[in-house]
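Just so it is clear, none of the values below were taken in a lab; they were calculated from the coordinates. None of these values were measured; they are calculated from a predicted model. Reconstructed Cβ throughout: ideal geometry from the backbone, glycine too, with neighbour counts over all protein chains shown.
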Amino acid sequence: MLVDGFGRELTGVRVSLTDRCNFDCVYCHNEGLGDTRGPMEPADDEMGTDDVVRFLEVVAEFGVGKVKFTGGEPMLREDLEEIVRRAPDGMETSLTTNGTFLPGRAEALCEAGLDRVNVSQDALDPTAFEDVTQSTQYDAVLEGVQAAVDAGLTPVKLNMVVFEQTAGYVPEMVDHVAANEGLQLQLIEYMPELAGRPEWAVDIDRVHGWLEEQADRIEHREMHDRRRYWVPDDDGDGEGMVEIVDPVGNEEFCANCHRVRVTHEGYLKGCLNRNDDLKPMGEMTKPDIRETLRETVEDRVPYYGEYMIRDDDGDWVINEEYIGA
């Protein structure tokens, strides 16, 4: 197993299969890029099927046991089922998607070996959903979530980015997952570093405080220093799990990160938040991948606390030592 200089073992990878997306979410920095007519072969600038599989085979050699496929919208790749099917035996596979292509494909993905799925859903009201996503595909997303549940890709996690436009919908979404078996909610702190618009950020500690008041029990996870809240439904017959992903300014979050990322173009990066640490994997032969993977893990630093440090005023600034690293 590979271990970085801060003692973090590499246990998982996130693989972006495309930067194309059929949504244009206001908080996203990619803004609905590219050809989104529907699932198709890999574009010229995207890793091919064999490239992705070869990468997974190499990381499995180092004991990596988990892969999450992301985008853009990864279901715009028609070879997604083949990639999942060819993933190394024993490797847990998951997917983050906006859900619009899950109807008709969820069952095939499950049969291919996909273990679970995260679906981006920022509101339960169609108008509010359209305001955030710039998409009219609200019904398709709901159908996709149900298709994933029916296929057995449970628990289906609903990803909700919490910022000025969505914070008011949190209570309704919590009630929704508490009342519907097979669903969980993942509240993701808005990250101005990635999307700009710092004025959209909300105090995530207030969300934690509200959930503490609602929850029957609270679980602390070592991974990323996350907290899970178990909230009962209105009838008291069931409960829903709500997890907060709050990396902004959170040194403990970064200190417990055990993943590296791969861009759709085949570049390795040690941190989701950085784009100055991209490392090409050459021709993506296994020796090329091994060498770049070792270098990437060796060069990893926690984003907050090492790459970003506090100045004399208490503000987060880039640590000059790591510029260009």
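Some notes on this structure:
- Of all segments of the chain bounded by GluC sites (Glu not before Pro) found in a DSSP loop with no more than 12 other C-beta atoms within 10 Å, the longest spans 32-180.
- Taking I309, I204, I218 and counting other C-beta atoms within 10 Å, the order from fewest to most: I218, I309, I204
- At the listed q of 0.18 Å⁻¹, the Debye profile of the stretch 173-248, built from one uniform point per Cα, gives log10 I(q)/I(0) equal to -0.74.
- Bridgeable aspartates and glutamates around K66 (alpha carbons under 16 Å apart, same-chain partners fewer than 8 residues away excluded): E9, E57, D89, E92, D115.
- The chain: Cys lacking any partner C-beta under 4.7 angstrom: C21, C110, C254, C257, C271
- Rounded FRET efficiency, nearest 0.05, which uses the C-beta distance separating L194 from E172 and R0 of 35 Å: 0.85
- GNM result for the chain, Cα springs below 10 Å: residue of N256, N275, N159 fluctuating most strongly: N275
- Hits among lysines - C-alpha to C-alpha of K279 under 16 Å, sequence gap 8 or more where chains match: K269
- Three-way shape label, the stretch 129-272, alpha-carbon gyration tensor, a/c 1.5: rounded
- R0 of 51 Å, Cβ-Cβ distance D89-D234: FRET efficiency to nearest 0.05: 0.75
- Annotation for the stretch 32-135: trypsin sites (Lys or Arg not before Pro) lying in DSSP loop with at most 14 further Cβ atoms inside 10 Å of their Cβ are R37.
- Taking 0.36 nm per residue of sequence separation and removing the Cα-Cα distance, the D24/R206 pair yields an extension gain of 62.7 nm.
- Antiparallel %, DSSP beta bridges [both residues in the stretch 164-294], to 5: 80 percent
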